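Engineer: What follows is a structure written as structure tokens; I'll ask about it next.
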Amino acid sequence: MLDKYLNKTLHKYASKWLILAIDVAIVLFSFFLAYVIRYNFKLDFDPVQVLKQIPLVIVVSVLCFMLVGTHKTVVRYIGFRDVVNIFIGANLIGTVLILFTYLSRKFGFDKSFEISGSIIYINLLLNLLFLTGFKFFIKSYYRKLMLEGVGTSEIENVLIYGAGDSGMITYEALSGDLKSNLKVVGFVDDNEVKVGKKIDLLRVYSPKEIDEAFVKNKKIKQVIISIQNIEPILLLSIINGLFELKVKVKIVPPVKTWIDGDLSVGQIKDVNIEDLLGREPIVINNPAVIDEYDNKVILITGAAGSIGSEIARKIAKLNFKKLVLIDNAESPLYDIQQELKQKNIDNVTCIIADVRRKKSRLDEIFSKYKPEIVFHAAAYKHVPLMETYPHEAVSVNVFGTANIANLSIRHGVEKFVLISTDKAVNPTNVMGATKRIAELYVNCVKGMGKTKFITTRFGNVLGSNGSVIPLFKKQIEAGGPLTVTHKDVTRYFMTIPEACQLVLEAATMGNGGEIFVFDMGKSVKIFDLAKNMIILSGLRYPEDIKIKITGLRPGEKIYEELLANEENTKPTYHEKIMIAKSKHVDISSTISKINVLCEKSSKSQLFELVALIKDLVPEYVSNNSKFEILDKKSNQP
């Protein structure tokens, strides 16, 4: 019963008139106490005179508080600005009383309205003390009731790592959230100037002081890292040390992600592997993107995949006319369909179809829905599997792309956007080579019809189907070991939302024929990534989980590239997006060879088919693959 009563009471807000009445009552109490203090705690003053002055004090207090608006404060959430308002209101009362006393003396008003200057100033100081003290007491008491009276979870002691501006904002966010069960008990900072000092009565500790004994004595359950633009190496070092102390570690996100510039407790998150990649996330804010898709029919192939589904989610937030999602994977396509339905996104049609079906099925879809923009994300992308099944790689990555591109031309699509990969650059495997051929094809047909053909090329995306990070997570859950193909293998990484934002931006800025590449920062060693993920899981390498070197897979590179040897770039209006200048291609010869490749893909022997691919892509040199023999033959005199 008590819990229900408290829960009901605590969620009510006091009337502003009640707050005004309490504030005035405090002023009257302070006024009387000012007289007592002025006369050395003796009643040597005329109480009748005080009673005559009380109506004046009430009127002045009411008018001043209403003018400043202190009565509109939600007491349980009182903060610095509210204290400033109280300060202004109290000083205004004192000023008006002094002015009234001056006028009373000058013009001979009733002397009972003349108030001693010492009384007014003592009253001013007492008002500041009691008004702020009472409201902070209410705030503190409310927090106590919230935490203890209505069954809130046990209070957790927290350290904030970072005593700079970001740390102060984090402290204010935690202190201001009365529903949070986190209690800040101190700060940690490696700046010797700050160590030992206090912030709001909380001590700043050196990282050297944070050991097992300290954590046990202070009952620390959690450490929140609040340092903007922290170096990944330093962040990992801090995390590693804190995990050894068996405390939870969270991190404050970058300022640019804060809602309306303010940090909320809900935004403080667990440390993710993205925080350790060593680059700033790319943010594109271009109003032209919104206009580009306004009232347009948009078709996405491979819409059930990681990239295709995220493009669908982003477009679903815009004012599109119709969204057509195509994929031959039934279950994941159903999942994205249900996801959009739950968000009340209308005008979305999901179609089970294969990009390789030319005459009837896809032509019918294009005729019926008349897409104006096509995003071609359908592709086979797993390097080892495509090295084993080159026929399928050609069938989907080359023929599928040519098929959708030709249909786009035939049906007057405005823009066709190909989703390519960094593995298409100086490819060492069948998958990368077939994606490079897809790039060549859309580059060759760019002048046929009104369709503008645009290519986007980027590296690995975090969390995508087949990505190394989900694999590592599964291996960690299974107790290890984590498998890495080579100790020196490196990859570029970006998040799925970043990749898809790039695609939308490219479709907006593209005029046809461009290959857009993305400044993805520094490449990341997969071996280091594996160690970092072990640490983020609260485990130790190699004591808890080992890393096993399995050797390069067929066709796998040690490092990836975003530009071919004969390509350079020119800038765009966004510093992180560039356009690759591609080498000249003989259009008729290239299209003829691609058509031959597509025709023979299901009939040719394995080595014969790969030889045709290598003829189309001379820079394709196999690595750690059975097809290396074809490179040796071509080099023979």
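Bear in mind that the values in this text are calculations on the coordinates, not laboratory data. Only a predicted model underlies this, so the values are computations on that prediction, with no experimental measurement involved. Positions of Cβ are generated from backbone atoms using ideal geometry, with glycine treated the same way; all protein chains shown enter the neighbour counts.
Engineer: Just to confirm a number: summing +1 for Lys and Arg and -1 for Asp and Glu over residues other than residue 290 whose beta-carbon lies under 13 angstrom from that of residue 290, what do you get?
Structural biologist: Summing Lys/Arg as +1 and Asp/Glu as -1 gives -1.
Engineer: Simple spin-label model, 7 Å along Cα-to-Cβ: residue 568 to residue 338 in nm?
Structural biologist: Result: 5.3 nm between the two label points.
Engineer: In nm, give the distance between the simple-model label positions of residue 478 and residue 611, each being 7 Å from the Cα along the Cα-to-Cβ direction.
Structural biologist: Result for the modelled spin labels: 4.0 nm.
Engineer: I've got another one for you. Counting Lys +1, Arg +1, Asp -1, Glu -1, what net charge surrounds residue 450 among other residues with beta carbon under 14 Å of its beta carbon?
Structural biologist: Surrounding charge for residue 450 is +3.
Engineer: Can you list the lysines whose alpha carbon is less than 27 Å from that of residue 106, not counting same-chain residues fewer than 8 positions off?
Structural biologist: 52
Engineer: Could you work out how much longer the chain between residue 410 and residue 45 gets when fully extended? Use 0.36 nm per residue separation minus the Cα distance between them, nm to one decimal.
Structural biologist: 121.3 nm
Engineer: Measure up 208/269; 450/557; 341/435 against 30 Å on the Cα-Cα distance and list the ones that go over.
Structural biologist: Beyond 30 Å: 450/557; 341/435.
Engineer: So which of 581/614; 415/522; 296/570 end up more than 24 Å apart, counting from Cα to Cα?
Structural biologist: 415/522; 296/570
Engineer: If you add up the charges near residue 621, with Lys and Arg at +1 and Asp and Glu at -1, over every other residue whose beta carbon is less than 11 angstrom from its beta carbon, what do you get?
Structural biologist: 0
Engineer: Which of the aspartates and glutamates could be linked to residue 216 by a straight reach, that is with a Cα gap under 14 Å, when you skip same-chain ones fewer than 8 residues away?
Structural biologist: Hits, sequence-local ones excluded: 156, 244.
Engineer: Using 0.36 nm per residue, how much length does the chain from residue 559 to residue 183 gain when fully extended, once their Cα-Cα distance is taken away?
Structural biologist: 130.7 nm
Engineer: A further question on this structure: If we sort 309-315, 57-63 on the protection proxy, mean other Cβ atoms within 10 Å, highest first, what's the order?
Structural biologist: 309-315, 57-63
Engineer: If you plug each phi of the stretch 472-484 into the Karplus form 6.51 cos²θ - 1.76 cosθ + 1.60 with θ = phi - 60°, what whole-Hz ³J(HN,Hα) values come out, in order, with x for Gly and Pro?
Structural biologist: 4, 4, 5, 5, 5, 4, 7, x, x, x, 7, 9, 10
Engineer: Okay, moving on. Would you mind checking which residues have amide H under 5 Å from residue 351's amide H? H placed 1.01 Å from N; only 5 or more apart, or other chain.
Structural biologist: The list, which skips near neighbours in sequence, is 325, 326, 327.
Engineer: Something else about it: How far apart, in nm, are the 7 Å Cα→Cβ label points at residue 200 and residue 118?
Structural biologist: It is 3.9 nm.
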